[in-house]
Amino acid sequence: MPANGAPSVLIIGTGFGGIGMAIELRRAGFRDIVLLEKAADIGGVWRENTYPGAGCDIPSPYYSYSYEPKPDWPMRFSLRADIQEYLRRTADKYGVTGLIRFNTEVTAAAFDADRGLWRVETATGATYEANVLIPAVGQLSRPAWPNLAGRERFTGPAFHSAEWDHGTDLTGKRVAVIGTGASAIQFVPLIQPKVARLTLFQRTAPYIVPKTDTVYRPWQHAMYRRLPRTQLAERAFFWGLCEFATVGLKGNRAITKAVEWLSAALRARQIKDRELRAKLTPDHPAGCKRVLFASNYYPAVAAPNVRLETGRIAEITPGGVRTGDGVEHPADVIIYATGFRTTEFLGPMKVLGLAGRDLREYWSDGARAYLGMSVPGFPNMFLMYGPNTNLGCGSIIYMLERQARYIRQAVEHIAAGTSYVDVRPEVADHFDAEVQRRLARSVWSMCRSWYREDGGRVSTNWPGLVSEYDRRTKTLDLADYQVVVR
Ligand code: NAP
């Protein structure tokens, strides 16, 4: 048990990463913990993404903290409000909510080596100091707007899917949707019945496979409550399924071919028009971009009021979208479902480490961190959901729990009288080289996606199974770190 709850810890962000980290530290007896949250509520992506149909495509028994099973999830693939409520309740239950400073956006952080302290500046002008800094700001928190000419000239409402404008009624409107990723395929089926006309701009056809959703019945809730192992079995099943799928993503083409077949079978069943089916057929190997789960997307695209436009967008006009063939597609509303700035980890924050080293410069040819958490020259700073910890299939909460466990051990070393711990550069470099070597053989290196930097480096994804990540992060090896004692 640490003396006086020390050292002090600052966590940035209150999504599943930040809340889970605070819980782990509190359970280990640490008390000097503050969480800084830019918004007025907790939830991360589950607070931000309020578009119709927003939900998780990883089943809830797996997409939840292992120590906090919820027997009464309404559905297998939960919607965002239920997920956010789960996070809120969990934060309350473990005494974390009171540690959060809301409406406090971090703008900069700098390490003071003499005092062994991180000094954090915020947009409100308030500053905070702590021995340990844990940014848990996610990979999908900053919307990406496409660089399309004329975007500002459009006269009607236009918004990003991650900043849904609920004040704009889409009923009876001509709506243009740009993008066909995980967000679009969730809201398109919900808005399609109410709009007059929907023009869906698809640059790349995604792989879509059936979503095996289910509304849990009261008897299932009762069973999960009385026999928790039954829910654990469901969790274990989806864990195993994703581990199997990841073998494919790592390079086993037999498995990714099976996914391609599954997606083709869904198209054959749901899309009768051959021309439309051809347009919806992906031209890259499955898994290279995220495989999407939806049983209602293809029927929505095939509806008479929807036009799938695959021509290159030339410009946005005051009244709609013009494609490269010169045709203008009129629209009253434009919805940009164009994803997130995923490779700009820590976004607009200025982070300075030892001797004023700028994290942005260190990452100028791609973000990297040892085990996705530690960056040389940035002592006592540990990232959650950092570089190369995203998954092609699996629960990010599983990864976050492993990160929390590892970081808690680092904090324990710091509590034991250490001024700071700094990952050895050679350890971090060796790890990065290994990760990149393995990723080069994976399916993610075979097309452009949000997993990759402009230069081609895959900087978001973990190259292996989650069980490997579990093993490699179980015990922090202090030999990987330079330990500077005051
Ligand atoms: P995304 O997967 O990055 O999709 C963005 C879409 O916009 C793609 O279709 C992309 O086409 C298109 N696009 C981007 N720039 C464009 C341009 N200039 N012109 C035309 N099209 C353009 O983003 P997302 O759908 O928001 O999803 C991001 C990630 O969030 C997901 O992969 C997933 O990890 C997570 N997410 C999960 C869920 C879930 O659990 N169900 C739901 C939503 C989001 P290209 O493919 O050609 O680049």
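The values are calculated or read from the model by the stated rules, or taken from the named source; none is laboratory data. What you see is a predicted model; the values in this text were computed from it and never measured. Quick reminder, even Gly has a Cβ in these numbers, built from the backbone with ideal geometry, and neighbours come from all protein chains shown. Side chains are part of the model used for accessible areas, which takes the heavy atoms of the whole protein and leaves out ligands, DNA and RNA. Shrake-Rupley method; radii C 1.70, N 1.55, O 1.52, S 1.80 Å.
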May I ask you to list the residues of the stretch 288-302 whose amide nitrogen lies under 12 Å from a point 7 Å from Cα along the Cα→beta-carbon direction of residue 213?
293-297
Give the calculated FRET efficiency between residue 268 and residue 28 to the nearest 0.05, with a Förster radius of 60 Å applied to their Cβ-Cβ distance.
0.65
Diffing the stretch 82-87: the Karplus 3J(HN,Hα) column from phi (6.51, -1.76, 1.60, θ = phi - 60°), in whole Hz with x for Gly and Pro, holds 5, 5, 5, 5, 4, 5
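Residue 66 to residue 243: extension gain in nm, 0.36 nm per residue of separation minus the Cα-Cα distance?
Details: separation 177, 0.36 × 177 = 63.72 nm, distance 1.71 nm.
Fully extending the segment from residue 66 to residue 243 adds 62.0 nm.
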Taking amide H positions as placed in the peptide plane 1.01 Å from N, state which residues far from residue 351 in sequence (5 or more) or on other chains have amide H under 5 Å from it.
109, 359, 360
How about residue 289: which lysines have a C-alpha closer than 23 Å to its C-alpha, ignoring those fewer than 8 places off in the same chain?
211, 250, 257, 279
Alpha-carbon centroids, the stretch 367-397 and the stretch 152-171: separation in whole Å:
34 Å
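Rounded to the nearest 0.05, what FRET efficiency do residue 152 and residue 194 give with R0 = 35 Å and r taken as the Cβ-Cβ distance? Could you check?
Values: r = 27 Å, r/R0 = 0.78.
Efficiency, rounded to the nearest 0.05: 0.80.
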Over the alpha carbons of the stretch 178-239, what is the largest minus smallest coordinate on each principal axis, giving the biggest first in Å?
49, 26, 14
Residue 350: which lysines have alpha carbons under 28 Å from its alpha carbon, excluding same-chain residues fewer than 8 sequence positions away?
38
Once you have the Cα-Cα distance between residue 355 and residue 281, take 0.36 nm times their residue separation minus that, and quote the gain in nm to one decimal.
21.4 nm
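Given the convex hull of the Cα atoms of the stretch 246-376, what is a quarter of its surface area in nm²? Each step should come with its number before you reach the end.
Details: hull surface 50.1 nm².
Mean orientational projected area (the stretch 246-376, Cα hull): 12.5 nm².
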Cα→Cβ-extended label distance, 7 Å offset, between residue 310 and residue 108, nm:
5.0 nm
Any residue on another chain or 5+ positions along whose placed amide H is under 5 Å from the amide H of residue 12 is listed here as 36, 134, 136
Specify which residue in the list 316, 399, 241 is farthest towards the positive end of the charge dipole of the chain, using unit charges on the beta carbon of Lys, Arg (+1) and Asp, Glu (-1), about the Cα centre.
241
Spatial separation of Cα centroids for the stretch 195-240 and the stretch 298-312, in angstrom
25 Å
Calculated FRET efficiency, residue 171 and residue 129, Cβ-Cβ r, R0 60 Å, to nearest 0.05?
0.70
Along the three principal axes, how long is the stretch 234-318 when you take its alpha carbons, biggest first, rounded to the nearest angstrom?
49, 28, 24
Could you give each residue of the stretch 295-303 its phi-based ³J(HN,Hα) in whole Hz, using Karplus coefficients 6.51, -1.76, 1.60 with θ = phi - 60°, and x for Gly or Pro?
9, 10, 6, 4, x, 5, 5, 7, 5
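Just to check, using Stokes-Einstein with a Kirkwood Rh over alpha carbon pairs, what's the diffusion coefficient of the stretch 143-255 at 37 °C and 0.692 mPa s in µm²/s?
Values: Rh = 18.3 Å.
For the chosen part, D equals 179 µm²/s.
Where only protein heavy atoms count, and the probe is 1.4 Å, what is the accessible area per residue for the stretch 443-486 in Å²?
On the way: 2140 Å² over 44 residues.
About 49 Å² of surface per residue is accessible.
Give, rounded to the nearest 20 debye, the magnitude of the charge dipole that the chain has about its Cα centre when Lys and Arg contribute +1 at Cβ and Asp and Glu contribute -1 at Cβ. Mind showing how you got there, number by number?
Details: 61 positive and 49 negative charges, 301 e Å.
Around 1440 debye, computed over the chain.
Largest first and in whole Å, what are the equivalent-ellipsoid semi-axes of the chain based on the Cα gyration tensor, each being the root of 5 times an eigenvalue? Display every interim value, and only then the final one.
Details: eigenvalues 299, 128, 104 Å².
Its equivalent ellipsoid spans semi-axes of 39, 25, 23 Å.
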Excluding same-chain residues fewer than 8 positions from residue 93, which lysines have a Cα within less than 20 Å of its Cα?
70
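222 nm [θ] for the chain, helices only, -39500 (n - 2.57) per DSSP H run of 4+, per residue, to 500? Working shown, then result.
Working: 13 runs with 147 residues, N = 486.
So the calculated ellipticity at 222 nm is -9000 deg cm²/dmol.
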So what are the ³J(HN,Hα) numbers for the stretch 225-233, from phi and the Karplus equation (6.51, -1.76, 1.60; θ = phi - 60°), rounded to whole Hz, Gly and Pro as x?
6, 7, 10, x, 5, 5, 6, 4, 5
Across every pair of different alpha-carbon atoms, what Kirkwood hydrodynamic radius in Å does the stretch 1-103 reach?
14.3 Å
May I ask for the longest run of the chain untouched by chymotrypsin sites (Phe, Trp or Tyr not before Pro) that are loop-located per DSSP and have at most 14 neighbouring C-beta atoms (other than their own) within 10 Å?
103-486
Which is farthest toward the positive dipole end of the stretch 428-486 among 455, 485, 444, measuring Cα position about the Cα centre, with Cβ charges +1 (Lys, Arg) and -1 (Asp, Glu)?
444
For the stretch 393-433, what class follows from the C-alpha gyration tensor (a ≥ b ≥ c being the square roots of its eigenvalues): rounded when a/c is under 1.5, otherwise prolate if a/b is larger than b/c, else oblate?
oblate
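Give me Rg/Rg_expected for the stretch 94-187, where Rg uses Cα atoms only and Rg_expected = 2.2 N^0.38 Å with N residues.
For the stretch 94-187, the normalised Cα radius of gyration comes out at 1.62.
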Under 5 Å between amide hydrogens, which residues at least 5 positions from residue 482 or on another chain qualify, with H placed 1.01 Å from N in the peptide plane?
422, 423, 424
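Once the piece of chain linking residue 303 and residue 6 is laid out straight, how much longer is it, given 0.36 nm per residue of separation minus the C-alpha distance between them? Mind showing how you got there, number by number?
Details: separation 297, 0.36 × 297 = 106.92 nm, distance 6.01 nm.
Once the chain is fully extended between residue 303 and residue 6, it gains 100.9 nm.
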